[in-house]
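Here's the structure, in structure tokens; my notes come after.
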Amino acid sequence: MSARSFPPEFLWGSATASYQIEGGATEGGRGPSIWDTFSHTPGKTLNGDTGDVADDHYHRWQEDVEHIKNLGLGAYRFSIAWPRVQPGGSGEFNAEGIRFYSDLVDGLIAAGVKPVVTLYHWDLPQELEDAGGWTNRETAYAFARYARKMAEELGDRIDVWTTLNEPWCTAYLGYGSGVHAPGRTEDLAALQAVHHLNLAHGLAVQQIREVLGDAAKTSITLNLHVFRPDDPSSEADQGAVRKVDALANRAFLAPVLEGVYPADLLENTASVTDWSFVLDGDLEITKQPLDVLGVNYYSTARVRHFAGEGERQQADGHKDSAGTPWPAADDVEFLPQPGPYTAMGWNIEPAGLTDLLVSLRDSYPDQPLMVTENGAAFEDTVVTEDGVARVHDVDRVAYLHDHVEALGQARDKGVDVRGYFAWSLLDNFEWAYGYDRRFGIIRVDYDTLERTWKDSAHWYRRLATTNTLPGVDEVSPA
Ligand code: FCB
């Protein structure tokens, strides 16, 4: 059997997010974000970790661009910290913060790497949260003004403009279960956030196109959930899948790609809200032509109808809390999945990625796709060989290998997937899990901030530079 190969134009990249890597939290005129507030609140993150220093990318970005270049990547996906370029989220912009990203973009381009930018990867300016955050419609308009300014400043140097990263997490983990910033636990707030995020996306795409014209490539990245019914022959379990699919997937896909909210979503959540926060004309705004839909994929979920007997299982892969990320879905339970698992406790199922990409193509045949995040946390150990530090992250190499193969299988079925981004370039601040969970293909020593390529980085460089899937043992340094 010949090795799987990809066309030369296929985009290999790696992804990061501002709060997870930058540090420099109070430098260069950056204002506080909801993640500063949240991580500094006792009990919110593992070990009380914060992003104050993180990977110190704010000072070491040139070294990081060197790593991206040496990896042979065609693209780098990073996010802009809104409070770094506009400290209060409205009003004055901060020239020093804008310059930081402008220099980074120039550095990437000089290294032959396409910048794929995300405008919002969860670090909302705290001042906007104080005014209601994503429950407040005004936040969507503020976001559009910020997006416009970035389009003016960074212009045609950006390859792909992604408005939002995983609005599911922002809405349901931030305002529903409260395990993410701002830590609110209200069903209504979560659903308001869903809509205002969709609206913000549409308004921002309009602004970017107004500034840059149709040449601007626009995108949104969703963490679409792959739900499996516990008993596929059970009507009730299939109903459970439909219910959570509406909340998690169609609540974003439908307004963004079709300009509607699914009728079953509105019906199922009627006990929480009548959705009167969706105003006339909003759904024309949310639906904007998208050059590429970003898909983040890590694992699958198994659900069944909960008839109310015994304790409801909630193994949905997210931390337990007083609130829920599944408003008005008390009759659905999440069952533990068969292994193997990553250090996050997430099950490893590459076929889920193929299934997801194929089902998206079936629903939206003309929509080009890109896998904007995929990767795994494992407990890495460092060994020293001939005086050189090595990380033999066998599990991560296997995870990446099997998922790239799964992506290839979707392409075999004719799905238009144009790129793949490994999460993450560097070990970093993994939100509520702090620095305890390592996703990087490059190790970061949090005492010295030194970067060390793991075997997965060597493996990924081979893939990116040959467009051919290397075997899992092809990890020797170049
Ligand atoms: C995704 C986030 C990303 C990272 C990975 C592990 O949900 O977009 O920032 O935390 O999970």
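Looking only at residues of segment 57-73 that are of a type in the set (D, E) and touching a strand residue (DSSP E or B) at 6+ places or on another chain (Cβ under 9 Å), we find that the one that is surrounded by the fewest Cβ atoms within 10 Å (Cβ to Cβ) is E63. Restricting the first member to segment 280-300 and to residues that are within 16 Å of the ligand (Cβ to nearest atom) and among the charged types (D, E, K, R), and the second to residues that are assigned to a loop (DSSP other than H, G, I, E, B) and at pLDDT below 95, no beta-carbon pair is closer than 6 Å while six or more apart or on different chains. For segment 190-243, the set of residues classified as under 21 Å from L119 (Cα atoms) and in a loop (DSSP other than H, G, I, E, B) consists of A216, K217, N223, L224, listed by residue number.
Being buried (at least 17 other Cβ atoms within 10 Å of the Cβ) and farther than 28 Å from L266 by Cβ narrows it down to one residue among P338, P350; which is it? Give the steps one after another, and end with the answer.
Working: P338 fails: buried (at least 17 other Cβ atoms within 10 Å of the Cβ).
It is P350.
Given the structure, is D331 under 20 Å from A315 (Cα atoms), in contact with a Phe, Trp or Tyr (Cβ under 6 Å, 6 or more places away or on another chain) and acidic (D, E)? So D331 passes the test.
Among the conditions (1) over 21 Å from Y435 (Cβ atoms); (2) small (G, A, S); (3) away from the ligand (no atom under 16 Å from the Cβ), the only one that A389 does not satisfy is (1). Is at least one residue of segment 385-401 closer than 30 Å to A189 by Cβ and open to solvent by less than 40 Å² (accessible area, probe 1.4 Å)? So far as segment 385-401 goes, no, none of its residues is closer than 30 Å to A189 by Cβ and open to solvent by less than 40 Å² (accessible area, probe 1.4 Å).
The number of residues in segment 1-20 that are more than 15 Å from P83 (Cα to Cα) and either within 16 Å of the ligand (Cβ to nearest atom) or at pLDDT 95 or above (or both) comes to 13. Taking the numbered list (1) more than 30 Å from L257 (Cα to Cα); (2) modelled with pLDDT of 95 or more in turn, A478 passes all entries but (2). Every test in (1) within 23 Å of the chain's Cα centre (by Cα); (2) within 23 Å of I109 (Cα to Cα) is passed by E63 save one, and that test is (1). Taken over segment 384-395, residues that are at pLDDT 95 or above, among the aliphatic types (A, V, I, L, M) and under 16 Å from D445 (Cα atoms) amount to 1. Residues that are within 16 Å of the ligand (Cβ to nearest atom) and buried (at least 17 other Cβ atoms within 10 Å of the Cβ), at least 1 per element: which strands (runs of 3 or more DSSP E) completely within segment 410-478 meet that? Correct list: 417-423, 442-444.
The values are calculated or read from the model by the stated rules, or taken from the named source; none is laboratory data. Just so we're clear, the structure is a prediction, and the values are computed from it rather than from any experiment. Cβ sites come from the backbone with ideal geometry, for glycine too, and all protein chains shown count toward neighbours. Side chains included, ligands, DNA and RNA excluded: accessible areas come from the protein's heavy atoms. Shrake-Rupley method; radii C 1.70, N 1.55, O 1.52, S 1.80 Å.
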